[in-house]
Structure formats: C-alpha cells, structure tokens
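No lab work stands behind these numbers, since they all come straight from the coordinates. Since this is a predicted model, take the numbers as computed values, not measurements. All Cβ positions, even for glycine, are placed from backbone atoms using ideal geometry, and neighbour counts span all protein chains on display.
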Amino acid sequence: MPRPGPRPYECVRRAWHSDRHQAMRGSIIQQIFRVVHESHNSATKKNKEWQEKLPIVVLKAEEIMYSKSNSEAEYMDLETLWDRVNEAINTIIRRDESAETGQLLPPCVEGNHYLLIVVLHILGSNSQIMLLG
C-alpha cells in the first residue's frame, strides 16, 4: 500500500521550464549532493550500494523537483531544498513500493544526458566506470 505523503508526481513541462536551465539544474544537483553528504555518517557514505545508487536517486529527485516546481524561484529556493529533496525521495519510495517490478519512475524531463555528465563530474572519473560499466 502506498505511503501517505507528497502530492503525486506527474511529469509536467511547466511554462517556466526552458532548455536553457541546464546550468541551473546542474547547480541544484550539486546542492542536493552537498545536503545528502552532510546528512549521512561516514559509514553510510562508505557503503558500496549507497555509493552506486546515490547518483541515480539524486538525478531522479532533481527531475521530480524540477517538474513539481511552479516557478524558477521555487525550484532554486535553497531554504526549502532539504524538504523538497525528502519529498522527491518519498515519491520515489512510494513508486518503488507500489510497482510490482520495483523499478524507479521512468525519465521525464529533458536534459538527462547533460545532467548525468554533471553528476559524473561531481563524483569524479572512478564513478564513471561504476555508473556506465
């Protein structure tokens, strides 16, 4: 049974969305990595499964946040970032629990290839092998 929580996720291209937002979205991805790393202990950060799944979850969380935001200002608001990241992760978890396959939500918002490059840059060259190999 799905958990109660954030409003359902719908892949929506909003009027404020633009193909020129790649740098802005890359900046938010970096901020998500920052808050996630600040909130987890060193034992968790050393866990191989956590390291492998983190980039995928961060990309999906950012995509959900981008799609749900009603404006650029809402999307870029660092004061609400932690709450919005948690809401996005809860959306992923609810989807995972309710799907028979246990698969994550399918890709939605454009620009995933560029954003994956941003993530690989943040994580360093060793992560490229881990993610792509």
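Here each label is just a point 7 Å from Cα along the line to Cβ, and for Asp83 and Ser42 those points are 3.3 nm apart.
With a simple spin-label model that places each label point 7 Å from the Cα along the Cα-to-Cβ direction, the separation between Gln51 and Gln22 comes to 2.9 nm.
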